[in-house]
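Data first, discussion second: the structure below is written as structure tokens.
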Amino acid sequence: MLYQSFDQIKSDLTASKISVEKLVNHYLSQIELKNSELNAFLEVYADEAKQQAKAIDHKIQNGEPTGSLAGLVIGLKDNLCYQGHHVSASSKILEGFESQFTATAVQRLLNEDAIVIGRLNCDEFAMGASNENSAYGNVKNAANIQYVPGGSSGGSAVAVQSDMCFAALGSDTGGSIRQPAAFCGQVGAKPTYGKISRWGLLSYASSFDQIGAITHTVTDNAMLTELMAGYDENDATSSQQEVSPYLPLQNMDRKLKIAYIGDCLNHEGMDAEIKEKTLELISDLKTKGHTLTEIDFPYLDQMVPCYYVLTTAEASSNLARYSGLTFGYRSSNSTDLESTFTLSRTEGFGPEVKRRIMLGTFVLSSNHYDAYYTKAQKVRQIIKQKTDDILKEFDFILLPTTSTPAFKIGEKSANPIAMYLADLFTVQAPLAGNPAISIPLSTHSIDNMPFGIQLIAARHDEKGMFEMAKYLEDIIQ
Amino acid sequence: MRISIGYIVNLRTLKMPVEDYQAVIGLEIHAQLQTKSKAFCPDATEYGMMPNTQVSPISLGHPGTLPKHNKSAVEYAVMMGLALDCDIREHNQYARKNYFYADLPKGYQITQDKTPICTNGAVDIITDGVKKRISLTRIHMEEDSGKSMHDQDIYDTLVDYNRAGTPLIEIVTEPEIRSGDEAYQFITEVRKLVRYLGICDGNMEEGSLRCDANISIMKKGTEVFGTKVEVKNMNSMSNVKRAIQFEIKRQADLLDQGETFISETRGFNPLDGSTFSMRAKEMANDYRYFPEPDLPPLIISDDWKNEIQSKMPMLPKAVSKKLREEMKLPEYDVEVISEDKQIAEYFLRIAEHTNNYKAAANWVMGSIKSYLNENAIPIERFEISPKAIAELILLIDDGKLSNSSAAQNVFPALAKNPNKDVLSLAQELNVIQTSDTDFIGGLIEAAFNKFPDKVEAYKNGKTNLLGLFVGEVMRGSQGKADPKVVNEEIRKRLD
């Protein structure tokens with residue numbers, strides 16, 4: 001690993017110990033070395049990145065001002081728009097499609113001289129927990145290539161994990177940043193719903209989707225999140241709340257009230273080692289004088305079904321635009337309008353996407369709407385209310401990011417329900433719209449696979465969340 | 001019902017006439033709002049541009065794009081609601097209506113489902129002198145689709161997405177309309193109103209105002225509703241009327257023959273006025289409406305509502321009232337003038353300069369309308385100023401100009417030279433009348449001298465000879481004498 005923190009990069013750039021071009025070349029060589037096996041990058045913008053690096057180096061040499069992210073090399077999940085570049089959501093249906101505009105979150109980083117080195121593999125349309133649902137092949141966990149990296153931002157997590165770029169952007173709908181970050185031993189954060197504009201993010205489930213970053217450290221994650229956050233007129237759901245600076249992260253010198261959910265730790269699917277490490281951390285925090293309280297949250301078994309009803313409902317509509325008509329893949333076998341729709345979609349979408357479109361169409365159909373969609377909306381409201389109630393009483397909710405460490409490639413792909421349960425601990429935050437972060441907790445005795453610990457904070461308390469995460473990061477190390 | 005006994009039963013005589021049925025009609029009117037940009041993105045909305053030039057990644061539904069609210073479109077919808085005495089909803093949620101079609105780029109239409117912006121309200125219509133109030137169910141906001149063109153290419157249907165995303169309001173009536181004539185009057189009122197408000201050009205031929213009709217019939221005196229048929233694609237008000245009349249007759253004939261028919265969507269053929277089956281309602285899509293998650297709820301506060309109210313122009317009802325009650329115009333004049341917003345505005349501007357409202361109304365309905373018709377121009381392009389018309393009226397009232405020379409000489413000349421002063425133009429044309437009694441007196445004396453026997457006859461009681469003297473004096477004055485003064489002066493001398 002060349003660099004673990006952006007502070008090191010900045011000070012080495014200032015001291016001329018390294019140039020941006022050398023940094024880019026380093027990451028390019030890592031990609032050259034590792035990507036054919038890990039399959040994290042779908043496309044690498046080598047020449048472009050080198051040119052941008054030279055331009056920034058030139059500015060540094062001439063003493064001209066540079067953006068705050070000069071020297072930061074990032075990868076983009078393949079569901080983020082970058083003008084003039086392909087974006088496919090790892091789906092055949094967007095084969096060859098080039099975006100005509102740049103996502104607001106990406107643009108805000110580009111404005112600070114970040115360099116985009118390539119686009120990253122993911123589960124097709126961000127639907128999956130193992131990155132096995134990509135039309136361009138699965139991504140492998142760099143800790144052990146027999147294991148999945150998690151999903152859907154699996155490429156993003158692995159690219160950072162394997163030093164193929166310094167940081168990566170992902171999107172989180174039900175855990176798609178935090179779960180792969182945990183499986184790959186990285187830091188992954190999902191901000192409050194509406195914190196970062198979704199303009200330029202290919203929608204999976206509009207009322208859940210959030211862009212976020214995967215990084216080595218909490219501080220760098222806070223830095224990127226802060227820069228991306230804030231109102232954008234192009235996204236009517238983006239929050240108008242002002243973003244106060246997160247950095248520098250203040251020390252947690254006050255005594256905290258933290259809730260941990262007993263129902264999670266005692267869940268039948270809970271891995272014993274993850275439980276043990278989590279309890280160790282809890283008692284560690286107690287000895288440091290913080291109040292840790294086990295609370296009931298008896299909605300665990302309702303959360304995943306509720307999440308899947310609502311997200312698939314939205315997805316079935318969001319993905320209707322991929323029809324083979326004005327952009328993207330069109331079946332060469334189509335003969336009329338009807339066959340253009342059916343064949344293009346049949347040939348263009350993978351099985352998991354089709355499954356979710358079917359499910360979403362079903363739950364929205366007039367005969368089933370109330371039994372599923374309306375009910376799930378009510379459940380979501382309850383979960384939001386209960387989460388709010390907890391966070392009125394406590395500063396944070398602490399829980400494992402996942403109930404198990406990364407599983408083996410192919411292990412769950414035949415059983416969609418088992419795969420959906422991989423989201424068990426990560427869906428609460430997006431259901432309630434709260435920010436959450438996963439940081440590495442430990443590695444498992446089986447094959448040394450990493451796993452993480454998760455913090456859920458009150459809506460718009462990203463600053464508090466990052467400060468607490470930094471505090472935990474220091475304790476864990 | 002007459003049944004001939006003892007003869008072969010004639011089916012025609014068994015047939016129940018259409019009059020035995022009651023038609024139950026509800027209308028759905030789509031009005032394209034004349035906002036500068038589309039409903040949920042900044043694309044322009046101008047009509048008649050080259051196909052697919054007013055599009056963007058948003059209106060084409062490109063991945064990663066999101067909709068945003070258009071304030072003007074909302075304000076227009078509120079205006080319409082306020083003008084029709086609707087309740088305006090404070091908390092508005094958009095919804096998605098999901099279906100696949102070539103002209104629907106996103107695969108769903110953004111519309112309103114459970115929370116329409118306006119509910120209740122009504123439109124007053126007059127059909128054959130009978131007043132009736134048609135209740136509205138709702139008005140909701142939505143976006144238009146693109147346009148599939150089936151007649152531009154021999155093999156393929158071509159799609160123009162310029163219209164995709166244009167803001168619409170859909171006005172839905174209760175099934176209270178009973179005839180094609182009532183439907184015609186209803187659309188007339190709606191069109192008048194949208195034009196007054198300036199929110200839609202009301203052009204049915206270009207499709208900026210569109211009407212679908214739900215038609216069923218039931219036997220008079222019963223309460224069992226008949227099978228409902230929806231007729232679409234009627235691109236003029238008279239076609240709506242024709243389609244409804246055809247459909248009532250068709251349904252009545254079928255029922256008379258003891259046949260049943262299905263609930264379906266039918267098209268209209270303007271060539272022969274018939275309707276034809278398009279698709280059965282049983283095949284109808286399940287549109288899977290659900291709240292649009294990309295748009296947060298739209299809140300219409302009382303303050304905003306009041307602000308919109310204050311920006312609203314005078315409405316046809318208020319104009320009619322003013323014409324009828326303040327200006328005491330006859331009902332016919334009130335109707336003709338208030339029919340069109342621009343005509344009404346022109347009239348009201350004349351009325352700012354004269355109190356002779358009836359004369360102003362006559363000018364507008366007479367010479368001005370004829371001129372507009374002959375030259376095929378709208379009143380917006382009529383160059384004679386309302387003030388000049390008022391000056392003409394004043395010259396007539398002062399006896400300086402005769403009605404006929406005003407209409408036949410001065411008005412046409414003014415149309416050619418709209419900036420010219422009215423009086424000097426009349427003088428140039430030598431049509432200013434005189435009331436100079438010396439001048440007139442001389443002419444009268446001349447006339448008396450010419451017909452001494454007639455003067456004698458008049459004095460002996462043949463008073464109808466007055467016209468002869470007046471005509472003689474007017475001729476002598478070459479039309480410049482004020483006939484009123486001439487009349488008086490002759491009488492003064494003879495009576």
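Assorted remarks:
- Tensor-based shape of the stretch B:437-494 (alpha-carbon gyration tensor, a/c under 1.5 rounded, otherwise prolate or oblate): prolate
- Accessible area buried between chains B and A, both sides summed, probe 1.4 Å, in Å² to nearest 100: 2800 Å²
- For B:Lys462, the accessible surface of its heavy atoms amounts to roughly 120 Å² (probe 1.4 Å, protein chains only, rounded to the nearest 10).
- With K and R counted +1 and D and E -1, the other residues having a Cβ less than 14 Å from that of A:Ala429 yield a net charge of +1.
- FRET efficiency for the pair A:Glu98 and A:Lys378, taken as 1/(1 + (r/R0)^6) with r the Cβ-Cβ distance and R0 = 30 Å, rounds to 0.10.
- Sum of side-chain charges, A:Val73 neighbourhood, beta-carbon under 14 Å (Lys, Arg +1; Asp, Glu -1): -3
- Cβ-isolated cysteines (cut-off 4.7 Å), the protein assembly as shown: A:Cys81, A:Cys122, A:Cys165, A:Cys184, A:Cys264, A:Cys306, B:Cys41, B:Cys200, B:Cys211
- Cα-based reach from B:Lys480 at 28 Å (exclusive), listing lysines while leaving out same-chain residues under 8 positions away: B:Lys358, B:Lys369, B:Lys387, B:Lys400, B:Lys416, B:Lys420, B:Lys450, B:Lys454, B:Lys459, B:Lys462, B:Lys492
- Qualifying GluC sites (Glu not before Pro) in the stretch A:325-397, where qualification requires a DSSP coil assignment and no more than 10 other C-beta atoms within 10 Å, are lacking entirely.
- Taking Cβ atoms as reference points and 12 Å as the exclusive limit, the residues near B:Met149 contribute a net charge of -3, counting Lys and Arg as +1 and Asp and Glu as -1.
- For the pair the stretch A:456-477 and the stretch B:314-362, the centres of their Cα atoms are 72 angstrom apart.
- Above-threshold pairs, the threshold being 27 Å between Cα atoms, out of A:Lys10/A:Lys408; A:Lys10/A:Lys392; A:Lys190/B:Lys68; B:Lys132/B:Lys220: A:Lys10/A:Lys408; A:Lys10/A:Lys392
- Solvent-accessible surface (1.4 angstrom probe) belonging to B:Ser320, in square angstrom, nearest 10: 20 Å²
- The residues B:His150, A:His290, B:His353, sorted by heavy-atom accessible surface at 1.4 Å with ligands and nucleic acids left out, run B:His150, B:His353, A:His290 from largest to smallest.
- Amide hydrogen neighbours beyond the local backbone of B:Ile177, cut-off 5 Å, H modeled: B:Ile25
- Residues of the stretch B:256-303 buried by at least 50 Å² on assembly (accessible area, 1.4 Å probe, chain alone as reference): B:Asp286, B:Arg288, B:Phe290, B:Pro293, B:Asp294
- Accessible surface of chain B, 1.4 Å probe, proportion on carbon and sulfur as whole %: 49 percent
- Approximate spin-label separation A:Asp389-A:His58, in nm, with each point projected 7 Å along Cα-to-Cβ: 6.2 nm
- Amide H contacts of A:Tyr45 (H built 1.01 Å from N, under 5 Å, at least 5 apart or other chain): A:Gly118, A:Arg119
- Nearest-ten-degree value, helix B:386-397 long axis tilted from longest Cα axis of chain B: 30 degrees
- Taking a ≥ b ≥ c as the square roots of the eigenvalues of the Cα gyration tensor, the stretch A:239-398 is prolate, since a/c reaches 1.5 or more and a/b is larger than b/c.
- Couplings for the stretch B:329-343, taken from phi via the Karplus curve 6.51 cos²θ - 1.76 cosθ + 1.60 with θ = phi - 60°, read 7, x, 4, 4, 4, 4, 5, 5, 6, 7, 3, 10, 4, 5, 4 Hz in order; Gly and Pro are left as x.
- The relative contact order of chain B, computed from alpha carbon pairs under 8 Å that lie at least 6 residues apart in sequence, is 13 percent.
- In the complete set of protein chains, residue-level accessible area for A:Lys59 is approximately 60 Å², probe 1.4 angstrom.
- FRET efficiency, B:Glu380 to B:Leu423 (Cβ-Cβ, R0 35 Å, nearest 0.05): 0.85
- Hydrodynamic radius by Kirkwood, which averages 1/r over all alpha carbon pairs of the protein assembly as shown, in angstrom: 33.7 Å
- Residue-by-residue Karplus 3J(HN,Hα) for the stretch A:204-211, coefficients 6.51, -1.76, 1.60, Hz, glycine and proline x: 10, 10, 3, 8, 10, 3, 9, 7
- Remark: the protein assembly as shown carries 43 Å² of accessible area per residue (probe radius 1.4 Å; ligands, DNA and RNA excluded).
- Each part reduced to its alpha carbon centroid, the stretch B:116-188 and the stretch B:72-86 end up 15 Å apart.
- Peptides B:287-294, B:67-74 ordered by average Cβ neighbours within 10 Å, highest first: B:287-294, B:67-74
- The 3J(HN,Hα) values that the Karplus relation (6.51, -1.76, 1.60; θ = phi - 60°) gives for the stretch A:127-143 are, in residue order, 9, x, 10, 9, 6, 9, 9, 8, 5, 10, x, 7, 9, 10, 6, 6, 6 Hz. Gly and Pro appear as x.
- Potential lengthening of the chain between A:Leu2 and A:Ala46 amounts to 14.0 nm, from the contour at 0.36 nm per residue minus the alpha-carbon distance.
- Residue-averaged 222 nm ellipticity for chain A, from DSSP H runs of 4+ at -39500 (n - 2.57), nearest 500: -12000 deg cm²/dmol
- Nearby lysines by direct alpha-carbon distance to B:Lys71 (threshold 17 angstrom, same-chain neighbours under 8 apart not counted): B:Lys36, B:Lys38, B:Lys305, B:Lys311
- Between B:Asp156 and A:Asn111, the simple label model (points 7 Å from Cα in the Cβ direction) yields a spacing of 4.0 nm.
- At least 40 Å² accessible surface lost relative to isolated chain, residues of the stretch A:186-230 (1.4 Å probe): A:Trp199
- Summarising the label geometry, the points placed 7 Å from Cα in the beta-carbon direction at B:Leu468 and A:Leu279 lie 13.4 nm from one another.
- Largest to smallest accessible area among B:Arg210, A:Arg321, B:Arg133, B:Arg324 [probe 1.4 Å]: B:Arg133, B:Arg324, B:Arg210, A:Arg321
- Interface residues in the stretch A:276-324 - accessible area drops by 40 Å² or more relative to the isolated chain, probe 1.4 Å: A:Ser317, A:Ala320, A:Arg321
- Solvent exposure ordering (accessible area, 1.4 Å, most first) of A:Glu98, A:Glu124: A:Glu98, A:Glu124
- Between the stretch A:80-114 and the stretch A:286-316, the C-alpha centres lie 32 angstrom from each other.
The values are calculated or read from the model by the stated rules, or taken from the named source; none is laboratory data. Just so we're clear, the structure is a prediction, and the values are computed from it rather than from any experiment. With ideal geometry, Cβ positions are generated from the backbone for all residues, glycine too; neighbour counts draw on all protein chains shown. Accessible surface is based on the protein model in full, side chains and every heavy atom, while ligands, DNA and RNA are left aside. Shrake-Rupley method; radii C 1.70, N 1.55, O 1.52, S 1.80 Å.
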